[in-house]
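Report on one structure; see the data block that follows.
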């Protein structure tokens, strides 16, 4: 029988794990790459890494160049790569969960999941079995990445896109706007991370929401006290070092550690 032992929570804490979601081209990848140390970017979005190509502290596993079946096969190997190269990296970023989900659906159809004498799955009509296969494959990849980064205490963030708004029955009132993922993937992923941030853009102003805002959800944080600090303006300059910037994820996780993992009520001072 394996001997069981308990560990103080402070010894297990210290890494930032979360999801950043929002519209395309809002700076999600750029901000995610402000995580501490050398970053490993697992890329599914075609040319998704172009915005951070200037950074010398980011290595990329580019799975966007493969067919869906090849990409899913390689995605299953990512956790092993993380474990084997953990000493090289401090943070891991997956970009994006939304594209990974699309790839998984194409693969499920290509594999003929749910095919029978009377039914052949297609992208237009995948069938319930293909949807289930997609969800299971995506959740499996995400769980493997979370487990590998957890074992090595690496920061881990996932990027996702914003879905179209859901309207009331009259078609006039927006009742919800959420992450462009199936409910089973979205809810499972949100349960397994501590941070869910929405990055909104209004003109030149970018705002990070830490708690549900209007019709937008999910958002939440175990690092920030969201009863008193629900959002902040994202002033991030790609030409300045991350450790000198109040809004960088590097500064946020450092400040959280410095106060003994107590919840932050403001951005760190710089």
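Among the residues of region 1-25, those identified as modelled with pLDDT under 85 and within 22 Å of residue 262 (Cβ to Cβ) are 6, 7, 8, 9, 10, 11, 12, 13, 14.
Would you call residue 174 surrounded by fewer than 17 Cβ atoms within 10 Å (Cβ to Cβ) and in contact (Cβ under 8 Å) with a residue 40 or more places away in the chain? The answer is yes for residue 174.
The requirement of being out of contact with any strand residue (DSSP E or B) (no Cβ under 7 Å at 6 or more places or on another chain), surrounded by fewer than 20 Cβ atoms within 10 Å (Cβ to Cβ) and either free of Cβ contacts under 8 Å to residues at least 12 places away in the same chain or on the phi > 0 side of the Ramachandran plot (or both) is satisfied by residue 169.
Determine which member of the set 18, 48 is in a loop (DSSP other than H, G, I, E, B), under 16 Å from the mean Cα position of the chain (by Cα) and under 30 Å from residue 244 (Cα atoms).
When all the criteria are applied, what remains is 48.
Taking only region 198-222 into account, find how many residues are touching a helix residue (DSSP H, G or I) at 6+ places or on another chain (Cβ under 9 Å) and within 13 Å of residue 19 (Cα to Cα). So the count comes out to 4. In region 44-58, the residues that are within 17 Å of residue 94 (Cβ to Cβ) reach residues that are at pLDDT below 90 and surrounded by 10 or more Cβ atoms within 10 Å (Cβ to Cβ) with C-beta atoms within less than 9 angstrom, at least six apart or across chains, in these pairs: 58/49; 58/52. Confirm whether residue 137 is buried (at least 22 other Cβ atoms within 10 Å of the Cβ), in a helix (DSSP H, G or I), touching a residue at least 24 places away in the same chain (Cβ under 8 Å) and at negative phi. Taking the combined requirement at face value, the residue satisfies it.
Among the residues that make up region 253-262, is at least one of them assigned to a loop (DSSP other than H, G, I, E, B) and modelled with pLDDT of 95 or more? Looking for residues that are assigned to a loop (DSSP other than H, G, I, E, B) and modelled with pLDDT of 95 or more, one finds none in region 253-262, hence no. Within region 220-231, being crowded, with 17+ Cβ neighbours inside 10 Å and closer than 22 Å to residue 30 by Cα holds for 220, 221, 223, 224, 231.
Here is the figure for region 177-220: residues that are touching a residue at least 60 places away in the same chain (Cβ under 8 Å), touching a strand residue (DSSP E or B) at 6+ places or on another chain (Cβ under 7 Å) and farther than 30 Å from residue 143 by Cβ total 1.
Residues that are assigned to a loop (DSSP other than H, G, I, E, B) and touching a residue at least 24 places away in the same chain (Cβ under 8 Å) were ranked within region 88-122; the one that is surrounded by the fewest Cβ atoms within 10 Å (Cβ to Cβ) is 111.
The values are calculated or read from the model by the stated rules, or taken from the named source; none is laboratory data. The structure presented is a predicted model; accordingly, all values stated were derived computationally and were not measured. With ideal geometry, Cβ positions are generated from the backbone for all residues, glycine too; neighbour counts draw on all protein chains shown.
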